[in-house]
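Enquirer: The structure's right below; bear with me while I get my questions together.
Values quoted throughout were computed directly from the atomic coordinates according to the rules given, and no laboratory measurement underlies them. What you are looking at is a predicted structure, and each value in this text was computed from that prediction instead of being measured. All Cβ positions, glycine included, derive from the backbone under ideal geometry; neighbour counts span all protein chains shown.
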2 protein chains.
Amino acid sequence: MPKGEGRKAVILLSGGVDSSTVLAMARAEGYECHAISFEYGQRHGVELEAARRVAAALGAASHTVVPVGLDRIGGSALTAEIDVPKAATPKGTIPVTYVPARNTVFLSLGLALAETLGAWDVFIGANAVDYSGYPDCRPEYIEAFEQMANLATKAAVEGSGRFSIHAPLIRMTKAGIIRTGLALGLDYSLTWSCYDPAPDGSPCGLCDSCRFRIRGFEEALGQQ
Amino acid sequence: MPKGEGRKAVILLSGGVDSSTVLAMARAEGYECHAISFEYGQRHGVELEAARRVAAALGAASHTVVPVGLDRIGGSALTAEIDVPKAATPKGTIPVTYVPARNTVFLSLGLALAETLGAWDVFIGANAVDYSGYPDCRPEYIEAFEQMANLATKAAVEGSGRFSIHAPLIRMTKAGIIRTGLALGLDYSLTWSCYDPAPDGSPCGLCDSCRFRIRGFEEALGQQ
């Protein structure tokens, strides 16, 4: 029996390549998948439409879109009036597209939904290989969040279960992620990556997120 | 020199007795205080007006109100169509006013603001004595959050500092909290506690939060 059979899971879904692949993987493991997305004043709000398409196409049991006013806090090129860089960010530098504590905020809301639904499994598409050097994508961070989650919640204190934060992509390359999704039948044309779409709605092709996507597909398809 | 002198701090401020006292304490320690409050679909939205009054009266350097759609998630008498109990909750029971992962969501957003401002200190009015038995008010939870925060953030990874989550009330009685605030000149008539105000805007006097407030004042003033 697949390990997710009979279990509910919450999937953080941005509508990009990584989180869409995670949803496909969790579905393949048999989980009843509840997707959660965030409207946080991101300049690429178009990704929410991609999230809706992907949740529907992959048979998510529900899809909750939660508004979070990260734009009131600012501090990032994705939420404030700071330009998105169009050159690759040097290795070892955290770029201005970093949103302060974003994964912590999103995982917290995912945890809230999990507790409300009676789910013990939360999936996130964090990746520490072909990524932008964000600190909240590293395995030690995910472990620390899981530990905290099991002290934070009524469900963990009273209940018989334990929350698991799953980051199945964390050590995969972008090409490996895409090959996994293709093998599961994921249609990546439904997904969206660009941080800074043009006024006509087309991806810029130059931001970090576009660069990782393009290179990932080149590598994944070149090796097939 | 007071230990907060020349340092910025973020204060989670609901506008109730506890968080208002924390703001008064942090101000007395010399911190430049940046208050943050949350509009989360709470039925007692009137507490945000109290938070604004308290932030202004205590000289907060800024006050940010962040919308967070916890009402999209539900699961609590404070955010969903569940009645607020009007009898005291038995000891050892977590009541239906518990909001799944609320302090985790709020601390995460406080952390985001701290990182954006360049602050290393986040204050929360969590209390594990005269409280409602919420798991995210316990010292071990606060410690786990602090540990996670120092792995989550660009500031902690690149910077020279370390985030501290301060919960100065955690082992105080409600009467002790009120005596501390009074000694610092806090005007508690500015604050708001009731979870379930009447249509005319008056506190119900019967919910857990009203009960703790009333008993706290009786004890604090009886002992002066």
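Enquirer: Which order, highest average first, do A:165-173, B:121-129 follow once you tally other Cβ atoms within 10 Å for each residue and take the mean per peptide?
Expert: Packing proxy ranking, top to bottom: B:121-129, A:165-173.
Enquirer: Mean Kyte-Doolittle of at least -1.0 and a Cα length of 18 Å or more along the axis: which whole DSSP H helices of chain B meet both?
Expert: The answer, listed by residue number, is B:102-117, B:139-152, B:208-222.
Enquirer: At a Cα cut-off below 17 Å, give the aspartates and glutamates reachable from A:K3, other chains included and same-chain residues fewer than 8 away excluded.
Expert: List returned: A:E29, A:E32, A:D121.
Enquirer: Something else about it: Between B:V129 and A:E219, how many nm apart are label points set 7 Å from Cα along the C-beta direction?
Expert: 5.6
Enquirer: A:D200 label points, 7 Å along Cα→Cβ, one per copy: pairwise distances from this copy to the rest in nm, shortest first?
Expert: 6.4
Enquirer: Per residue, how big is the convex hull around the C-alpha atoms of the stretch A:8-222? Give it to me in cubic angstrom, could you?
Expert: 115
Enquirer: Continuing with this model, one more query. Kirkwood Rh over Cα pairs of the stretch B:120-224 into Stokes-Einstein at 10 °C, 1.306 mPa s: D in µm²/s?
Expert: In µm²/s, the coefficient rounds to 100.
Enquirer: Take peptide B:81-88, look around each residue's Cβ out to 10 angstrom, count Cβ atoms belonging to other protein chains, and average those counts. All intermediate terms of the calculation are to be shown ahead of the outcome.
Expert: Numbers: counts 0, 0, 0, 0, 0, 0, 0, 0.
Per-residue shielding by partner chains comes out at 0.
Enquirer: Quote the Stokes-Einstein diffusion coefficient, in whole µm² s⁻¹, for the stretch A:1-129, based on the Kirkwood radius over alpha carbon pairs, a temperature of 4 °C and a viscosity of 1.567 mPa s.
Expert: The estimated diffusion coefficient comes to 84 µm²/s.
Enquirer: Once you charge only the Cβ atoms, +1 for Lys and Arg and -1 for Asp and Glu, what is the size of the charge dipole of the stretch A:11-85 about its Cα centre, to the nearest 20 debye?
Expert: Approximately 160 debye in magnitude.
Enquirer: If you don't mind, another one. Report the Stokes-Einstein translational diffusion coefficient (µm² s⁻¹, integer) for the protein assembly as shown, Rh taken as the Kirkwood radius over Cα pairs, at 4 °C with viscosity 1.567 mPa s. Please report the intermediate quantities before stating the final value.
Expert: Working: Rh = 22.7 Å.
The calculation lands on 57 µm²/s.
Enquirer: Per residue of B:142-149, count partner chain C-beta atoms within 10 Å of its C-beta, then hand back the mean as an integer.
Expert: 6
Enquirer: Still on this structure, please answer the following. Which value in deg cm²/dmol, rounded to the nearest 500, describes the helix-derived mean residue ellipticity at 222 nm for the protein assembly as shown, given -39,500 (n - 2.57) per DSSP H run of n ≥ 4 and division by the residue count? Before the final figure, lay out the partial values.
Expert: On the way: 16 runs with 174 residues, N = 448.
The helix contribution divided over the protein assembly as shown gives -11500 deg cm²/dmol.
Enquirer: Still on this model: Here are some pairs, A:K174/B:K154; A:K154/B:K174; A:K86/B:K8; which of them have Cα atoms lying more than 26 Å apart in this structure?
Expert: The answer is A:K86/B:K8.
Enquirer: Here is a further query. Whole angstrom only: what separates the Cα centroid of the stretch B:23-70 from the Cα centroid of the stretch B:179-193?
Expert: Here the two parts' Cα centres lie 14 Å apart.
Enquirer: For the stretch B:72-164, just say rounded, prolate or oblate: build the C-alpha gyration tensor, square-root its eigenvalues into a ≥ b ≥ c, call rounded for a/c under 1.5, and beyond that prolate if a/b exceeds b/c, oblate if not.
Expert: prolate
Enquirer: How large is the convex hull of the Cα atoms of the stretch A:17-92 per residue, expressed in Å³ as a whole number? Provide the component values of the computation, followed by the final result.
Expert: Numbers: hull volume 9.5 nm³, N = 76.
Per-residue hull volume (Cα only) is 125 Å³.
Enquirer: What is the mean number of Cβ atoms from other protein chains located within 10 Å of the Cβ atom of each residue in peptide B:57-69, rounded to a whole number?
Expert: 3
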